[in-house]
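Comments concern the structure below.
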Amino acid sequence: MNPTTSEFHPLAPSVQSVFDTVTARDPHEPEFHQAVHEVLHSIAPVLEKHPEFVEAGVLERLVEPERQVMFRVPWIDDAGRLHVNRGYRIQFSSALGPYKGGLRFHPSVNLSIIKFLGFEQIFKNALTGQGIGGGKGGADFDPHGKSDAEVMRFCQSFMNELFRHIGEQTDVPAGDIGVGSREIGYMFGMYRKITNRHETGVLTGKGIGWGGAQVRTEATGYGAVFFAQEMLAVHGESLEGKRVAVSGSGNVAIYAIEKATQLGARAVTASDSSGYVVDESGIDLALLRQIKEVERGRIVEYARRRPGARFIEGGSVWETPVDVAIPAATQNELDFDSAETLVGNGVRVVVEGANMPTTPEAVEIFQRAGVLFAPGKAANAGGVATSALEMSQNASRQRWGFAESEQRLRDIMADVHHASFYAAERFDAPGDYVVGANCAAFERVASAMLAQGVI
Ligand code: GLU
């Protein structure tokens, strides 16, 4: 656990015991503790207004996943060697709908990471208003440097166990870090073969030609930028002419850069684990996509091929002076020092494109400095919201066009912003999107749990 978390945010006595139970029961899950702590810290005013939530033990139940599955994933590489990875699916809450959330394939994956992501997903999905519960899964598999055939065999082995736990009315996985349409394709194929059912809505993020939805690929990045637009609009401002720093170079980063650019901002950075690039004339998306999506190469290639762009090895993207920062790489990538640097350089808006990319200390720095800060569970909800649109289209056998789908995403992000903004006002924390998003989401989930009894 981040040792300074509780110094920054002391918990109300009413929720401290819930947090103590979580840390005592699972002491080695720091990321999960961090995610739970942030929610518990925010929702005290909801509990004051609704003592019935406390009486019904909503919190004690909510912090314990409904079901946790861990399994062996054996696979054979191209040289004939056997590898064994660990697979996970955490089915956290189905109060509002079937479990819904992505699968992450990354060497850092462990139970703590999947539980934090699953816990966040409950509230994010509630904010979308789309009738989806919360879940998450993945494996400690590193897709980097693996051949297509190896990735396929891994995905098939993963689905060979996962299939028995999912279904379009039960649990609907999608992508996350390391899982895109290639992996979803291999997993969907294996599910179809094992079950002998073309159950289109069992996974989202599918290819457009076989049940996938328009705008799903772009949705998380686009949605984060729409959220930034909504925040700025409250203050009579727009993205026009703003300088933007985006971290990461995956799906979220690429489409955040694209939408920010379309809306008149200039996105000047992208990064990966080796360092970052600064391109003062604005990131060339065609080149970035060629390197990252087609060649699956490193970000240094961008600077090699783009005149005027610089590569800063091992540096932090947050050293770049900007008006808007969109952390879109991974959890806890933006820390106290980075936040101080950004504030010192005059940042005005920080929008989390990734899940929990900002440490609690960094959030505190932004809020004290009056920076508009949007937590991921609100700002990056566009991805999973568009997954829900994919489920709707699959269930009704409809296909919506790009423009219609993008408009639906825009409307959903405006609703998520509205719900978070007004919940912050209602609970005496105007402008605090962390409190607003947590309270609005928790009210929805807790009300459903109360209505459905102790289960
Ligand atoms: N992995 C994404 C998220 O963090 C999307 C999940 C989904 O589409 O189910 O929200």
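The values are calculated or read from the model by the stated rules, or taken from the named source; none is laboratory data. These figures come from a predicted structure and were not determined experimentally. Note that each Cβ is placed from the backbone with ideal geometry, even for glycine, and that neighbours are counted across all protein chains shown.
Key figures for this structure:
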item: Qualifying positions in the range 421-445 - in a helix (DSSP H, G or I) and in contact with an Asp or Glu (Cβ under 9 Å, 6 or more places away or on another chain); result: Phe421, Ala423, Ala424, Val434, Val435, Gly436, Asn438
item: The range 119-133 - residue that is within 12 Å of the chain's Cα centre (by Cα) and near the ligand (Cβ under 10 Å from one of its atoms) and, of those, surrounded by the most Cβ atoms within 10 Å (Cβ to Cβ); result: Asn125
item: Positions within the range 216-248 being of a type in the set (Ser, Thr, Tyr) and touching a residue at least 60 places away in the same chain (Cβ under 8 Å), in sequence order; result: Thr220, Tyr222, Ser247
item: Selection count where residues are part of a helix (DSSP H, G or I) and of a type in the set (Lys, Arg), scope the range 284-303; result: 2
item: Unique residue being crowded, with 23+ Cβ neighbours inside 10 Å, at pLDDT 95 or above, in contact with a helix residue (DSSP H, G or I) (Cβ under 9 Å, 6 or more places away or on another chain) and not aromatic (Phe, Trp, Tyr) when the list is Glu218, Glu230, Glu258; result: Glu218
item: Selection within the range 134-150 - buried (at least 24 other Cβ atoms within 10 Å of the Cβ), closer than 24 Å to Val84 by Cβ and not basic (Lys, Arg); result: Gly135, Gly137, Gly138, Ala139, Phe141
item: Selection within the range 213-268 - over 17 Å from Met413 (Cα atoms), out of contact with any Gly (no Cβ under 9 Å at 6 or more places or on another chain) and of a type in the set (A, V, I, L, M, F, W, C); result: Val244, Ala245
item: Test set (1) under 22 Å from Val36 (Cα atoms); (2) within 14 Å of the ligand (Cβ to nearest atom) - Glu183 fails condition number; result: (1)
item: Arg104, sole failed condition from (1) in contact with a Pro (Cβ under 9 Å, 6 or more places away or on another chain); (2) within 14 Å of the ligand (Cβ to nearest atom); (3) under 21 Å from Met190 (Cα atoms); (4) not aliphatic (A, V, I, L, M); result: (1)
item: Tally of residues being in contact with a strand residue (DSSP E or B) (Cβ under 9 Å, 6 or more places away or on another chain) and either on the phi < 0 side of the Ramachandran plot or aromatic (Phe, Trp, Tyr) (or both) across the range 252-284; result: 23
item: Cross-chain or 6+ apart pairs with Cβ under 6 Å, the range 113-138 first and among the polar types (S, T, N, Q), then assigned to a helix (DSSP H, G or I) and within 11 Å of the ligand (Cβ to nearest atom); result: Asn125/Val384; Thr128/Ala381; Thr128/Ala385; Gln130/Ala385; Gln130/Ala388
item: Residue in the range 13-22 that is under 18 Å from Ile114 (Cβ atoms), of a type in the set (D, E, K, R) and out of contact with any Ser or Thr (no Cβ under 9 Å at 6 or more places or on another chain) present; result: no
item: Identity of the residue in the range 64-101, of a type in the set (A, V, I, L, M) and surrounded by fewer than 21 Cβ atoms within 10 Å (Cβ to Cβ), that ends up farthest from the ligand (Cβ to nearest atom); result: Ala79
item: Filter result for the condition that a residue is of a type in the set (S, T, N, Q) and closer than 19 Å to Ile122 by Cα, over Thr200, Thr204; result: Thr204
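Per-residue answers, yes or no, for (1) within 19 Å of Ala256 (Cα to Cα); (2) within 14 Å of the ligand (Cβ to nearest atom); (3) within 24 Å of the chain's Cα centre (by Cα):
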{"position": "Glu295", "(1), (2), (3)": "no, no, no"}
{"position": "Arg304", "(1), (2), (3)": "no, no, no"}
{"position": "Gly308", "(1), (2), (3)": "no, no, no"}
{"position": "Val317", "(1), (2), (3)": "yes, no, yes"}
{"position": "Glu364", "(1), (2), (3)": "no, no, yes"}
{"position": "Leu372", "(1), (2), (3)": "yes, no, yes"}
{"position": "Gly382", "(1), (2), (3)": "yes, yes, yes"}
